[in-house]
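Asker: First the structure, then my questions, so here it is.
The values are calculated or read from the model by the stated rules, or taken from the named source; none is laboratory data. Since the structure is predicted, the reported quantities are computational estimates derived from the model, not experimental observations. Quick reminder, even Gly has a Cβ in these numbers, built from the backbone with ideal geometry, and neighbours come from all protein chains shown. Each accessible area value is taken on the protein alone, full model and side chains, heavy atoms only, with ligands, DNA and RNA left out. Shrake-Rupley method; radii C 1.70, N 1.55, O 1.52, S 1.80 Å.
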Amino acid sequence: MVKIRKRLGEILVDSGLITEDVLKKILFLQKGTDKKLGELLVTEGFVRDEQIVEALKNQLGIEYINLDNINIKQNIIDIIPEPIARKYELIPVDIINGKLLVVMSDPLNYFAIEEIKVITGYYVKTAISLRNIILANIEKYYGRNRAEKAAESYGKTYINRKDNSIFQEELQDEEAAPIIKFMNTVIGNAILNNASDVHIEPEEDSLRVRYRIDGILKEIMRVDGSMLEPVVSRIKIMADLNIAEKRLPQDGRFTFKSKQKDIDLRISIVPTILGEKIVMRILDKANCSVELPDIGLYGDNLMNLENIIKKPYGILLVCGPTGSGKTTTLYSILNLLNNSSKNIITIEDPVEYHLKGINQMQVNNKIGFGFAKGLRSMLRQDPDVILVGEIRDDETAEISVRSALTGHLVLSSIHTNNGIGAITRLQDMKVESFLVASTVIGIISQRLVRKICPNCKETYTSSNIDMKILGIKHTCKLMKGKGCTICGGTGYKGRTAIFEIINIDKNIKQLITAKESEAFLEEELEKSGTVFLKEACIQKVLNGVTTVEEMLRVTYGY
């Protein structure tokens, strides 16, 4: 075994990454420990994982595989038991020509390869990847197995008990409660799969778990329906909710400490005829500090928006359905505006992300602290920029308008189907048309569309139907994803936003004051060069970012 480990050391010496003296020092430190040579070299700061991988790849001709760019089938994962995968820091990837392709952090480990041969019955072909990526993917792919085993363990422990109650202390002790292992695995795996939401839903005789990935719900597993009560109780304990209350909806939040980072989860529990249903919204702080171009806002649209927010006062509204990225857009604008010369205050329901240098308040309707009351208090705090999470009633709309009239820049969201609808919605909230015209400086309407998977993207010639939908007269080359292991066969990977940005100029202000119809306002905006959502999505299709089918789904609801 020493010889095998020394071979790695010799490779690193030959590559010029370490000296003979460093190798001798590390080999001395290694004695009496179970740590690997490469791990010690990284820990002591002599090399980085990336350098070890590069040296092995170049000198031994071992293939490098980026596990983050592939999707491994569950039947392949099941070939190697999780304890073996963790022990040797490896993961099975595929079967090629009868050989099991295994990605390892140490492909020189002869004993690991021989043990895999014995356990699986396959000849082994090795590849290499970074240790931290392998460990993260072990968490990701073996997570479902752990969740199912925890569910099975729960069944064996509790399902046949005469007293089938689950006590609070059992739900707080991981060793005593398999249910905790189950929930930790479900949440942790959702984070690793970049899910935005976790749905836990009671059915007649089962409990269904689904993840929303790239805007689409995907069923992950079903477990015995008897787990519903302990799962709900566990979530309520974590979110500090009332365990005894099962008739009314409850909302809460908690922080989940994963190995990679701390993640905030927003919890909604509602009663259904089959039991309580849970939805957990995953709030990754990394998503709140993105630049506007990163969310798909660039070119003329970006320039238009930057011109709007340069104005010292007025209301900028963001429209779109739930889950369309409104909060991310608003926070990205705040990050752009945020500097030491501005006092920025927000009132949100709830505060989804904590922003450095910005004063954030959270609505608490239980004590009568709503948007309107919070907004009044904010105006006494000498603000420059105000963010109102949502304008949802007459009083909040009125105070927002007053805030804009008195020299404040107000950012907010409003639920309408399109940008023009925001004007009508404010008028419905009893805001006079001349006040809407005087205060609203811009409207952003947005949706999220799935991007074509870059790994399986292929070109095809547009059909007559495609041309009719896109409004083009001549055939052209379009893109689509044929489906692969990376995208899970969907043909899509990741999402981007499409935007409709309306600049309220003098002409539009006059039309709003005159109470012109939405159709007439839309005609005038089109004449002035405004790009509506449909046209924005058409451009994404023609640029090979998304597909005609995705455009129809998002902009027409097909």
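Asker: In the set Cys453, Cys484, which member is crowded, with 21+ Cβ neighbours inside 10 Å and either touching a helix residue (DSSP H, G or I) at 6+ places or on another chain (Cβ under 6 Å) or not β-branched (Val, Ile, Thr) (or both)?
Answerer: Exactly one of Cys453, Cys484 is crowded, with 21+ Cβ neighbours inside 10 Å and either touching a helix residue (DSSP H, G or I) at 6+ places or on another chain (Cβ under 6 Å) or not β-branched (Val, Ile, Thr) (or both), namely Cys453.
Asker: I would also like to ask the following. State which residue is nearest to Ile444 (Cα to Cα) when the search covers only segment 317-350 and only residues that are open to solvent by less than 10 Å² (accessible area, probe 1.4 Å) and assigned to a loop (DSSP other than H, G, I, E, B).
Answerer: Gly320
Asker: Now for a different question. For the condition outside any helix (DSSP H, G or I) and touching a residue at least 60 places away in the same chain (Cβ under 8 Å), what is the one hit in Ser445, Ser400?
Answerer: Details: Ser400 fails: outside any helix (DSSP H, G or I).
Going through Ser445, Ser400 in turn, just one is outside any helix (DSSP H, G or I) and touching a residue at least 60 places away in the same chain (Cβ under 8 Å): Ser445.
Asker: Can you find even one residue in segment 260-277 that is at pLDDT 85 or above, open to solvent by less than 40 Å² (accessible area, probe 1.4 Å), closer than 30 Å to Asp205 by Cβ and touching a Gly at 6+ places or on another chain (Cβ under 7 Å)?
Answerer: Checked segment 260-277: at least one residue is at pLDDT 85 or above, open to solvent by less than 40 Å² (accessible area, probe 1.4 Å), closer than 30 Å to Asp205 by Cβ and touching a Gly at 6+ places or on another chain (Cβ under 7 Å).
Asker: Scan segment 66-92 residue by residue and report those that are closer than 20 Å to Asn455 by Cβ and open to solvent by 20 Å² or more (accessible area, probe 1.4 Å).
Answerer: Residues satisfying the conditions are Asn66, Asp68, Asn69, Ile70, Asn71, Lys73, Gln74.
Asker: Please state which one of Leu426, Leu387, Leu409 is within 15 Å of Val318 (Cβ to Cβ), open to solvent by less than 40 Å² (accessible area, probe 1.4 Å), of a type in the set (A, V, I, L, M, F, W, C) and without any contact (Cβ under 8 Å) to a residue 40 or more places away in the chain.
Answerer: Testing whether each residue is within 15 Å of Val318 (Cβ to Cβ), open to solvent by less than 40 Å² (accessible area, probe 1.4 Å), of a type in the set (A, V, I, L, M, F, W, C) and without any contact (Cβ under 8 Å) to a residue 40 or more places away in the chain leaves just Leu426.
Asker: Would you point out the residue of segment 242-259, among those that are modelled with pLDDT under 85 and in a loop (DSSP other than H, G, I, E, B), that is surrounded by the fewest Cβ atoms within 10 Å (Cβ to Cβ)? Reasoning before the result, please.
Answerer: Here is the first cut: in segment 242-259, the residues modelled with pLDDT under 85 are 257-259.
Now drop any that are not in a loop (DSSP other than H, G, I, E, B), which leaves 258-259.
On the way: Ser258: 14, Lys259: 11.
Only one residue tops the list, namely Lys259.
Asker: Going through Tyr142, Tyr211 one at a time, which residue ends up being aromatic (Phe, Trp, Tyr) and either more than 21 Å from the chain's Cα centre (by Cα) or at pLDDT 90 or above (or both)? Before you say what the answer is, go through the steps one by one.
Answerer: Working: Tyr142 fails: either more than 21 Å from the chain's Cα centre (by Cα) or at pLDDT 90 or above (or both).
Sole residue among the options that is aromatic (Phe, Trp, Tyr) and either more than 21 Å from the chain's Cα centre (by Cα) or at pLDDT 90 or above (or both): Tyr211.
Asker: Oh, and also: Regarding Ala239, is this residue farther than 30 Å from Val449 by Cβ, surrounded by fewer than 19 Cβ atoms within 10 Å (Cβ to Cβ) and of a type in the set (A, V, I, L, M)?
Answerer: It is false that Ala239 is farther than 30 Å from Val449 by Cβ, surrounded by fewer than 19 Cβ atoms within 10 Å (Cβ to Cβ) and of a type in the set (A, V, I, L, M).
Asker: Next question, about the same structure. Quick check on segment 180-197. Is at least one of its residues within 14 Å of Lys277 (Cα to Cα) and either open to solvent by less than 40 Å² (accessible area, probe 1.4 Å) or basic (Lys, Arg) (or both)?
Answerer: Our first condition is that a residue be within 14 Å of Lys277 (Cα to Cα); within segment 180-197, this holds for 197.
Still in the list and also either open to solvent by less than 40 Å² (accessible area, probe 1.4 Å) or basic (Lys, Arg) (or both): 197.
Yes, because at least one residue in segment 180-197 is within 14 Å of Lys277 (Cα to Cα) and either open to solvent by less than 40 Å² (accessible area, probe 1.4 Å) or basic (Lys, Arg) (or both).
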